Amino acid sequence: MFQGRPDGVIKPMPEPSVLYLPLRSRRFLFGELHVKDGQHVQGGDVLARDVNNYAVPLLAPRTGRVRLKEKENHIILEDVTKLEEHADIAKEELSHIEQEMGAAGIKRYRLLTLGAWQFFYDAHTGALPDPLGTPQAIIVSTVSLEPFVARGDVQLHNRLSNFTRGLEQLQSLLEYQPIYLVMPDIKSEFANLIRNHIRGYAWVKMLEIPLTYPYDSFAILARKLGLRRNKGPVWAVRTEGVLAIDRALTLSKPCLVRVISVGGVGVNAPTHIKVMPGYPIKAIKDKYVFEPAARIINGGILTGELLSTETLGLDTECRGVTILPELKEREFLGFARPGWSRSCFAACYLSALRKKFRERLTTGIRGEGRPCLSCNFCEEVCPAGITPHLIHKYLYRDLLEEAEQARTDLCVECGLCSFVCPCKIDLRGQLIDAKKLIEQEKEEIRREKLRQEELAKKAAEEKSE
Ligand code: SF4
Ligand code: SF4
């Protein structure tokens with residue numbers, strides 16, 4: 001229980017006159033520019049694409065004039081106005097796709113070009129799935145359990161019909177594969193409302209999960225449902241993704257706004273806001289942040305990333321902004337405080353004697369970083385059943401093979417290990433880096449093996465000639 005939880009209201013933000021669109025987000029790097037400096041664009045025009053991610057587009061959220069050189073790694077839109085946005089789709093491309101792949105191919109192409117595909121995840125890896133692939137199942141989650149990120153029930157507010165229409169559109173992309181709809185407490189009023197809307201959809205299977213972080217993780221859900229990675233990809237999408245599908249396929253409109261959260265102890269009145277990518281972070285700070293020194297996190301407290309001062313606007317994947325008071329100086333005799341109002345996994349503070357209470361979370365909990373104490377807390381909380389402290393020690397000694405054998409690949413990147421660690425070790429960050437390194441090494445071995453096989457084949461052919 002933390003102070004600063006966003007309430008269930010969606011508050012409007014003033015229309016901006018300038019948008020700062022970062023070219024990089026968690027999964028995307030929009031490296032291929034499609035506009036020139038000074039060009040006038042309309043809402044929905046393609047500004048850039050990520051060529052390494054199925055060419056997903058960065059769309060102009062509003063009409064405006066492009067500035068490319070004023071801020072590194074950003075596209076700036078000046079003189080922004082809100083006019084009717086349009087769908088930037090090449091007609092000749094559509095007829096080509098229809099001939100090649102039929103109606104389902106067109107739908108997938110529309111999802112990609114209208115910005116809805118960016119809401120899809122590969123449940124096992126978290127990456128953007130192949131829009132032309134065939135999933136073994138789709139997981140749709142209305143639950144966001146990480147503290148301070150936007151909640152599915154708030155995003156769904158007054159848009160239940162759009163959501164069910166989005167589900168129908170999603171189903172039309174499939175042949176017979178099931179859609180699992182993940183809900184908290186399937187007996188709740190909210191669940192009943194959804195159940196009434198999807199009555200008769202035999203292809204939707206409802207799945208209840210405990211309201212405990214991180215059981216909303218797509219990787220955990222896929223494991224729980226027995227959807228193995230070697231049986232094909234599992235697509236996963238959250239509430240806002242289903243709403244984006246509806247917008248793209250029912251209305252043929254681009255997905256240009258998002259409902260995100262603004263939470264944390266450093267916020268005046270934690271809430272949800274409706275904004276577009278590129279929305280100035282300064283405008284959010286000016287309106288909501290009262291702490292002079294605040295750490296701004298893109299996302300929740302467990303998996304979010306620190307927003308650098310260089311980043312001026314919200315990126316296309318932002319689900320919430322968390323603001324925590326930054327403690328720059330050490331607490332005087334902090335170690336000697338009884339901890340009546342701060343909790344710890346070790347239950348070593350006096351607060352262990354209290355009933356549940358709302359903790360004021362700052363960046364200064366549990367002091368500075370230290371070497372591992374081997375307390376085992378990280379292992380106890382890990383939902384993947386691995387041993388983060390052991391992997392941390394292997395990685396410290398560059399023993400990548402041992403780290404692989406300790407099943408680093410099972411990590412679902414939930415961040416609980418880093419959160420409970422009394423030594424403030426960034427276990428999650430280390431495991432994510434290790435997973436990437438292991439994948440790279442495997443890829444190199446696979447390529448080398450292919451190269452050797454080709455050489456052997458060539459040599460055999462030359463010999464027979
Ligand atoms: S190792 Fe850490 S980040 Fe990975 S699943 Fe376990 S607790 Fe979560
Ligand atoms: S929680 Fe931190 S200190 Fe404790 S065993 Fe894990 S890495 Fe070591």
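The values are calculated or read from the model by the stated rules, or taken from the named source; none is laboratory data. Predicted, not measured: the structure shown is a model, and the values here were computed from it. Backbone-built Cβ (ideal geometry, glycine too); neighbour counts: all protein chains shown. Only protein heavy atoms, including side chains, enter the accessible area calculation; ligands, DNA and RNA are left aside. Shrake-Rupley method; radii C 1.70, N 1.55, O 1.52, S 1.80 Å.
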- Query: Only one of (1) open to solvent by 100 Å² or more (accessible area, probe 1.4 Å); (2) within 13 Å of ligand 2 (Cβ to nearest atom); (3) over 21 Å from SER217 (Cβ atoms); (4) assigned to a helix (DSSP H, G or I) is not met by GLU380, so which one is it?
  - Reply: (3)
- Task: Only residues that are open to solvent by 10 Å² or more (accessible area, probe 1.4 Å) and outside any loop (DSSP other than H, G, I, E, B): list them for segment 123-154, please.
- Result: ASP153
- Determine if segment 186-201 includes at least one residue that is of a type outside the set (Ser, Thr, Tyr), more than 23 Å from LEU111 (Cα to Cα), exposed (fewer than 13 other Cβ atoms within 10 Å of the Cβ) and touching a residue at least 40 places away in the same chain (Cβ under 8 Å). no
- Query: Any residue in segment 225-235 that is open to solvent by less than 20 Å² (accessible area, probe 1.4 Å) and aromatic (Phe, Trp, Tyr)?
  - Reply: yes
- Item | Residues that are surrounded by fewer than 18 Cβ atoms within 10 Å (Cβ to Cβ) and either modelled with pLDDT of 95 or more or over 22 Å from GLY152 (Cβ atoms) (or both), drawn from segment 4-17 | PRO14, GLU15, SER17
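A quick yes/no check of all residues on (1) open to solvent by less than 40 Å² (accessible area, probe 1.4 Å); (2) more than 14 Å from ligand 1 (Cβ to nearest atom):
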site	(1), (2)
TYR396	no, yes
ALA406	yes, no
ASP426	no, no
LEU431	yes, no
GLN440	no, yes
GLU453	no, yes
ALA460	no, yes
- Task: Please enumerate the residues belonging to segment 88-110 that are buried (at least 16 other Cβ atoms within 10 Å of the Cβ) and either out of contact with any strand residue (DSSP E or B) (no Cβ under 8 Å at 6 or more places or on another chain) or at pLDDT 90 or above (or both).
- Result: ILE89, ILE97, GLY105, ILE106, LYS107, ARG108, TYR109, ARG110
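The rows are residues; the columns are (1) open to solvent by 40 Å² or more (accessible area, probe 1.4 Å); (2) without any contact (Cβ under 8 Å) to a residue 24 or more places away in the chain; (3) within 14 Å of ligand 2 (Cβ to nearest atom); (4) touching a strand residue (DSSP E or B) at 6+ places or on another chain (Cβ under 8 Å).
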{"site": "ARG342", "(1), (2), (3), (4)": "yes, yes, no, yes"}
{"site": "ALA346", "(1), (2), (3), (4)": "yes, no, yes, no"}
{"site": "THR362", "(1), (2), (3), (4)": "no, no, no, yes"}
{"site": "CYS372", "(1), (2), (3), (4)": "yes, no, yes, no"}
{"site": "ASN376", "(1), (2), (3), (4)": "yes, yes, yes, no"}
{"site": "LEU390", "(1), (2), (3), (4)": "yes, yes, yes, no"}
{"site": "LYS393", "(1), (2), (3), (4)": "yes, yes, yes, no"}
{"site": "ASP409", "(1), (2), (3), (4)": "yes, no, no, no"}
{"site": "VAL412", "(1), (2), (3), (4)": "no, no, no, no"}
- Which numbered condition CYS318 misses (of (1) at pLDDT 90 or above; (2) open to solvent by less than 30 Å² (accessible area, probe 1.4 Å); (3) assigned to a strand (DSSP E or B)): (3)
